[in-house]
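The block underneath contains the structure these notes are about, expressed in structure tokens.
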Amino acid sequence: MQFDSFSAFLDMGGYGFYVWLSYGVTTLLLAILYFASKARDNKVKQQIISRQKREEKLRQAAKQHKESQPENGSNEVLS
Amino acid sequence: MWKWLHPYANPEVTYHFVGRLLPWFNRLTLVFLLIGMVWALGFAPADYQQGDSFRIFYLHVPAASLSMGIYAAMAIAALSSLVWQLKLADASAAAMAPVGAVFTAIALVTGAAWGKPMWGTWWIWDARLTSELILLFLYLGIIALHNAFEDKNLAGKAASILTLVGSINIPIIKYSVEWWNTLHQGSTVSKMGKPSMTLDMLWPFMFSFIGFALLVTVLICIRFRTEILARNSMRPWVKNIVLSEAK
């Protein structure tokens, strides 16, 4: 250990402000990047899920619509 | 000879492959960064001229050299995307750009915080500092281009061209301290094979450098997997992965 006490460690031989500024900003920027990357991953997955749900709902609705029609009824109406 | 490489052009194979590697990179990153940072802050000796301000070195040099390394990797990805139209190369380049930008910003900020006590100024328009600032702007431009088009193939093409044009800046940064008279000092670590540092400074440097390089790998892997999902969101395999993860 290069320092005798915790206050000497914080002081960094008079360069405390510059050393801790560097280490602080580095930690902060890397933490922001890490959590932003995780958040983007979640967002992309959520978008895929919600689109999947929407498609599923549309499929269900189309199916119900078809079932509510009488047998061959829709064809007759169209022709 | 290159046949083993072919499956990795498949996004699904690559997504799972990167996913299997990630936990190992996570652990290695933690180990190396923890050892490197504790050693650099508490146990490495103070420099005989610069005192304890030298501890900024253990952040500044890895960040600066990785900011250039990431750009070189991104330029290779950009070239393969333009020449062979590999869609995964575009995805990886898009994943690398924000990581490179952050490391460039770290290099600039730690450099300023080191320059103030040693040179007496936060900033000076010398060749090394100015070319590193241009690197930051290049990264920001590339990120902007990746996000500027709805069509990701078009965005990838535009960003790749800017990446390749901007790669001229990398040798300029690297050799700026030799070509011009700069306030910035020359290379400390790699003086043609023989580093001009004592071992009790070189060891903590190696740990923090490898630690940051691993962290870059982790961050790029996370973003790369997100890019793969986003660009293949209509494929059934992507839907299966996302839905099974959500349960």
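The values are calculated or read from the model by the stated rules, or taken from the named source; none is laboratory data. For clarity, every value in this text was computed on a predicted model and none was experimentally measured. FYI the Cβ positions are ideal-geometry reconstructions off the backbone, even for glycines, and counts take in every protein chain you see.
Going by what's in this entry, would B:Met192 be described as under 15 Å from B:Phe54 (Cα atoms) and modelled with pLDDT under 85?
Values: under 15 Å from B:Phe54 (Cα atoms): no; modelled with pLDDT under 85: yes.
Here the answer is no, as B:Met192 does not meet what is asked.
So that you can scan it fast, the table gives a plain yes or no per residue for (1) modelled with pLDDT under 95; (2) more than 18 Å from the chain's Cα centre (by Cα); (3) more than 9 Å from chain A (Cβ to nearest Cβ); (4) part of a helix (DSSP H, G or I):
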{"position": "B:Gly100", "(1), (2), (3), (4)": "no, no, yes, yes"}
{"position": "B:Ala107", "(1), (2), (3), (4)": "no, no, yes, yes"}
{"position": "B:Pro117", "(1), (2), (3), (4)": "yes, yes, no, yes"}
{"position": "B:Trp122", "(1), (2), (3), (4)": "yes, yes, yes, no"}
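When the residues of region A:39-68 are narrowed to those that are surrounded by 13 or more Cβ atoms within 10 Å (Cβ to Cβ) and more than 7 Å from chain B (Cβ to nearest Cβ), which ends up modelled with the lowest pLDDT? Quick ask: steps written out before the conclusion?
Going residue by residue through region A:39-68, those that are surrounded by 13 or more Cβ atoms within 10 Å (Cβ to Cβ) are A:40-41, A:44-45, A:47-49, A:51-52.
Among the residues that remain, those that are also more than 7 Å from chain B (Cβ to nearest Cβ) are: A:47, A:51.
Details: A:Gln47: 93, A:Arg51: 89.
Restricting to residues being surrounded by 13 or more Cβ atoms within 10 Å (Cβ to Cβ) and more than 7 Å from chain B (Cβ to nearest Cβ), the top hit is A:Arg51.
Does A:Leu21 satisfy the condition of being of a type in the set (A, V, I, L, M, F, W, C), more than 7 Å from chain B (Cβ to nearest Cβ) and in a helix (DSSP H, G or I)? Break it down into steps so the answer makes sense when it comes.
Values: of a type in the set (A, V, I, L, M, F, W, C): yes; more than 7 Å from chain B (Cβ to nearest Cβ): no; in a helix (DSSP H, G or I): yes.
The answer is no for A:Leu21.
On the basis of being touching a residue at least 12 places away in the same chain (Cβ under 8 Å) and within 13 Å of B:Ser208 (Cα to Cα), does B:Ile56 make the cut?
On the way: touching a residue at least 12 places away in the same chain (Cβ under 8 Å): yes; within 13 Å of B:Ser208 (Cα to Cα): yes.
Criteria met by B:Ile56.
Enumerate the pairs (first residue in region A:43-58 and closer than 14 Å to B:Lys247 by Cβ; second residue anywhere and among the basic types (Lys, Arg) and in a helix (DSSP H, G or I)) with beta-carbon separation below 6 Å, excluding pairs fewer than 6 apart on the same chain, so at least 6 apart or on different chains.
Hits for this filter: A:Gln52/B:Lys239.
Taking only region B:152-187 into account, find how many residues are surrounded by fewer than 15 Cβ atoms within 10 Å (Cβ to Cβ), assigned to a loop (DSSP other than H, G, I, E, B) and at pLDDT 90 or above.
Looking only at that region, the number is 1.
For region B:26-45: of the residues being facing chain A (nearest Cβ under 10 Å), among the small types (Gly, Ala, Ser) and crowded, with 17+ Cβ neighbours inside 10 Å, which is nearest to B:Tyr58 (Cα to Cα)?
B:Ala40
Does B:Ile70 fit the bill of being over 13 Å from B:Lys157 (Cα atoms), surrounded by 21 or more Cβ atoms within 10 Å (Cβ to Cβ) and away from chain A (no Cβ under 12 Å)? Explain how you work it out, then say what you get.
Values: over 13 Å from B:Lys157 (Cα atoms): yes; surrounded by 21 or more Cβ atoms within 10 Å (Cβ to Cβ): yes; away from chain A (no Cβ under 12 Å): yes.
In short, yes.
So B:Val242 passes all but one of these: (1) away from chain A (no Cβ under 14 Å); (2) in a helix (DSSP H, G or I). Which condition number does it fail?
Of (1) away from chain A (no Cβ under 14 Å); (2) in a helix (DSSP H, G or I), only one is false for B:Val242: (1).
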